[in-house]
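Asker: If you scroll down you'll find the structure; I have some questions about it.
The values are calculated or read from the model by the stated rules, or taken from the named source; none is laboratory data. What you see is a predicted model; the values in this text were computed from it and never measured. Cβ sites come from the backbone with ideal geometry, for glycine too, and all protein chains shown count toward neighbours. Heads up: the accessible areas ignore ligands, DNA and RNA and are worked out on the full protein's heavy atoms, side chains in. Shrake-Rupley method; radii C 1.70, N 1.55, O 1.52, S 1.80 Å.
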Amino acid sequence: MTIEIYVSTDIEADGPIPGPHSMLSLASAAYTADKQLVATFTANLETLPGAQGHPKTMKWWAEQPDAWAASRANLQPPLEVMKSYHAWLVALPGKPIFVGYPAAYDFMFVYWYLINFVGDSPFKFSALDIRSYAMAFLKQSYSESGKDNLPAAWLENLPLAHIALDDAIQQGKLFCNLLQANLEREER
């Protein structure tokens, strides 16, 4: 049986969708099911030619100067970043499973960039959403399954910094804690 590697991924962007807007930062933290951090990847990307920041998103960024500065340091061309990221994913010691919070947003950008710049996604079409998983585990509504309503032990008091690698690590730990809680419940 192939081991699954849970690739907790966080992106920062300057708008709601890829193409008209750009992914600014990409980071992933790859974990085994038992919460062992296997590897990390992080990069800041140059913006896409002709793309523009969305006014609403740029207003939000204006309120996050430290995170904005972190996302604009050491910029690399998207083609180089995505080729490196693809190679990193393929080299992981198991099948990469995309994990996000929210998966719909982060996966949309990562998938679009992988297909656009590399022509392939090791994730295929699949993404695991942490909040949806929490909803099913807790037997609560989606609205009641946000981070504010999760057990504090799952969150490990890690702040959400809007710095892609920090957030990917935090969300990866959250996912692994939730996964372990689910596996322990099944064993009872």
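Asker: Does Ile163 satisfy the condition of being more than 18 Å from Lys35 (Cα to Cα) and touching a residue at least 60 places away in the same chain (Cβ under 8 Å)?
Answerer: The answer is yes for Ile163.
Asker: Another question about this same structure. Mind listing whichever residues of the range 38-88 are in a helix (DSSP H, G or I), of a type in the set (Gly, Ala, Ser) and more than 20 Å from Gly15 (Cα to Cα)?
Answerer: Hits for the range 38-88 are Ser84, Ala87.
Asker: Take the residues in the range 38-51 that are open to solvent by 70 Å² or more (accessible area, probe 1.4 Å) and in contact with a strand residue (DSSP E or B) (Cβ under 7 Å, 6 or more places away or on another chain), then tell me which one is nearest to Asn182 (Cα to Cα).
Answerer: Thr42
Asker: Look through the range 104-136, keep the residues that are among the charged types (D, E, K, R) and not in a loop (DSSP other than H, G, I, E, B), and return whichever of them is least open to solvent (accessible area, probe 1.4 Å).
Answerer: Asp106
Asker: Moving on to the next point. Give me the residue from the range 137-158 that is open to solvent by 70 Å² or more (accessible area, probe 1.4 Å) and either modelled with pLDDT of 90 or more or part of a loop (DSSP other than H, G, I, E, B) (or both) and, out of that set, nearest to Lys35 (Cα to Cα).
Answerer: The qualifying residue nearest to Lys35 (Cα to Cα) is Asn157.
Asker: Of everything in the range 1-37 that's open to solvent by 60 Å² or more (accessible area, probe 1.4 Å) and outside any loop (DSSP other than H, G, I, E, B), which residue is nearest to Val81 (Cα to Cα)?
Answerer: So, considering only residues that are open to solvent by 60 Å² or more (accessible area, probe 1.4 Å) and outside any loop (DSSP other than H, G, I, E, B), the one nearest to Val81 (Cα to Cα) is Leu37.
Asker: So Val99 passes all but one of these: (1) among the hydrophobic types (A, V, I, L, M, F, W, C); (2) surrounded by 20 or more Cβ atoms within 10 Å (Cβ to Cβ); (3) within 22 Å of Leu48 (Cβ to Cβ). Which condition number does it fail?
Answerer: Only one criterion in (1) among the hydrophobic types (A, V, I, L, M, F, W, C); (2) surrounded by 20 or more Cβ atoms within 10 Å (Cβ to Cβ); (3) within 22 Å of Leu48 (Cβ to Cβ) is unmet by Val99, namely (3).
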